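**Q** Just dropping this structure here.
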Amino acid sequence: MSTETAISVTDLKKKFGNKEVLKGITFSVRRGSVYGLIGPNGAGKTTTLRILAGIIKNYSGQVLIEGLNPEKAREKGMIAYMPEDTFPYDRLTGIENLELYAEIYARGDKKLAEEYLELGIKIANLGKRIYDKAGEYSRGMKRRLIIARTLMVKPKVAILDEPTSALDVESALNIRDIIVKMSRELETTIVLSSHNMLEVEYMCDDISLINDGKIVASGTPRKIVEMFEARNLEEAFIKASKIGEKEK
């Protein structure tokens with residue numbers, strides 16, 4: 001893993017109307033690492049991820065993705081974003097879903113589209129079911145297909161919002177393994193959010209705990225546990241959340 005910075009966020013602030021959602025957060029992400037943005041509902045995680053993905057464009061502060069603003073990085077195909085509530089096209093087969101996005105990201109380069117598709121099939125690992133309509137898939141299979149669709153284009157940065165949300169244990173384990181493996185093999189920088197502290201400890205090299213629009217702690221999972229004198233990351237998360245509540 002590189003020690004160079006892939007993502008730099010400085011004094012990021014965002015308001016929706018009169019509500020200040022992000023209150024000056026600052027963090028950086030090492031190139032090729034898996035970074036977790038952790039916090040309770042309404043803490044500002046999804047807003048931050050959408051800013052990183054170049055979807056939310058109006059904010060104050062500085063955000064750089066490989067030295068570019070998120071909008072420019074997205075235009076260059078450097079960013080792939082997977083929202084929490086995204087699903088494949090049910091009327092298309094698994095392979096047709098992958099083909100569609102491979103062609104979009106390859107921008108007319110047929111050889112590159114074939115390369116993306118081959119990698120997508122490998123990541124999804126659905127066997128012969130890749131030829132079935134996605135509407136016939138279980139939730140776990142659909143999630144694997146979406147993960148494949150996101151990572152197969154070899155983005156510099158992949159942004160995953162709750163990648164294992166509402167999945168059974170086996171499906172969640174498969175997806176966690178895929179994320180870590182592909183981060184290492186593709187050298188893709190991955191930023192994700194999750195409420196599952198076990199998977200955060202397993203997947204993430206570094207994390208930031210965010211509450212009420214502010215970062216209350218950053219570091220490796222082990223460092224965060226030690227910082228809050230907790231038995232595990234889940235307990236540290238609860239203690240960090242209480243700090244945010246006291247400051248309101």
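The values are calculated or read from the model by the stated rules, or taken from the named source; none is laboratory data. Worth saying up front: this structure is predicted, and the values here are computed from it rather than measured. Cβ sites come from the backbone with ideal geometry, for glycine too, and all protein chains shown count toward neighbours.
**Q** Would you pick out the residues in the stretch 166-181 that are at pLDDT 85 or above and closer than 22 Å to residue 50 by Cβ?
**A** Answer for the stretch 166-181, where residues must be at pLDDT 85 or above and closer than 22 Å to residue 50 by Cβ: 175, 179.
**Q** Out of 102, 113, report the one residue that is among the aliphatic types (A, V, I, L, M), touching a residue at least 40 places away in the same chain (Cβ under 8 Å) and under 18 Å from residue 154 (Cβ atoms).
**A** 102
**Q** Every residue in the stretch 10-29 that is aliphatic (A, V, I, L, M) and either over 13 Å from residue 213 (Cβ atoms) or in contact (Cβ under 8 Å) with a residue 60 or more places away in the chain (or both), please.
**A** Across the stretch 10-29, the qualifying residues are 21, 22, 25, 29.
**Q** Residue 110 - would you say it is over 21 Å from residue 167 (Cα atoms) and basic (Lys, Arg)?
**A** yes
**Q** So residue 154 fits all but one of (1) in a helix (DSSP H, G or I); (2) within 18 Å of residue 186 (Cα to Cα); (3) free of Cβ contacts under 8 Å to residues at least 60 places away in the same chain; what number is the exception?
**A** With respect to (1) in a helix (DSSP H, G or I); (2) within 18 Å of residue 186 (Cα to Cα); (3) free of Cβ contacts under 8 Å to residues at least 60 places away in the same chain, residue 154 is out only on (1).
**Q** Kindly evaluate residue 80 against the criterion of being in contact with a Lys or Arg (Cβ under 7 Å, 6 or more places away or on another chain) and closer than 28 Å to residue 219 by Cβ.
**A** No, not satisfied.
**Q** Checking residue 220 against (1) surrounded by 18 or more Cβ atoms within 10 Å (Cβ to Cβ); (2) of a type in the set (S, T, N, Q); (3) within 15 Å of residue 29 (Cα to Cα), only one condition comes out false. Which one?
**A** Residue 220 satisfies all of (1) surrounded by 18 or more Cβ atoms within 10 Å (Cβ to Cβ); (2) of a type in the set (S, T, N, Q); (3) within 15 Å of residue 29 (Cα to Cα) except (1).
**Q** List pairs: first residue in the stretch 206-235 and without any contact (Cβ under 8 Å) to a residue 60 or more places away in the chain and on the phi < 0 side of the Ramachandran plot, second residue basic (Lys, Arg) and assigned to a helix (DSSP H, G or I) anywhere in the structure, Cβ distance under 7 angstrom, at least six positions apart or on different chains.
**A** From the stretch 206-235, the pairs are 228/239; 230/239.
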